[in-house]
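Participant: Dropping the structure in here first, questions after.
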């Protein structure tokens, strides 16, 4: 299996470290989807040492915040892909999220055009994140 080349992102003012950060942020997409699906539990009020229910549990609030963050992360990736290439965004997502190489995507565009669109995606993602 070929090793992925790092994209040259100077035109978008993205350093190699920032590019890697964005790349691995995208690689967490499926994991974040699974986490989002798994957040379904609700909590009941907590009890103090005397057995009274005056201390409220914040578990539900924490889960709601976690859910909002996961939804936001997924939306940022999806919207960036749509802005980079509206009709080709599924190909961009497959490439950056799942690591499916251009040669295996059957993209109806040239390799050069696809990689320009991918560069644009990372530029947009960088501004949104």
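Participant: Which residues, taken from the range 114-129, are over 17 Å from residue 13 (Cβ atoms) and either at pLDDT 95 or above or surrounded by 18 or more Cβ atoms within 10 Å (Cβ to Cβ) (or both)?
Facilitator: Listed by number, the residues that qualify are 114, 117.
Participant: Would you confirm, using the coordinates I've provided, whether residue 7 is modelled with pLDDT of 75 or more, closer than 20 Å to residue 98 by Cα and surrounded by 12 or more Cβ atoms within 10 Å (Cβ to Cβ)?
Facilitator: No.
Participant: Can you list residue pairs whose Cβ atoms sit under 8 Å apart, with the first residue in the range 12-23 being at positive phi and free of Cβ contacts under 8 Å to residues at least 24 places away in the same chain and the second being crowded, with 16+ Cβ neighbours inside 10 Å and assigned to a helix (DSSP H, G or I)? Count only pairs 6 or more apart in sequence or on different chains.
Facilitator: Correct list of pairs: empty, since none qualify.
The values are calculated or read from the model by the stated rules, or taken from the named source; none is laboratory data. Nothing here was measured: the structure is a model prediction, and the numbers come from that model. Quick reminder, even Gly has a Cβ in these numbers, built from the backbone with ideal geometry, and neighbours come from all protein chains shown.
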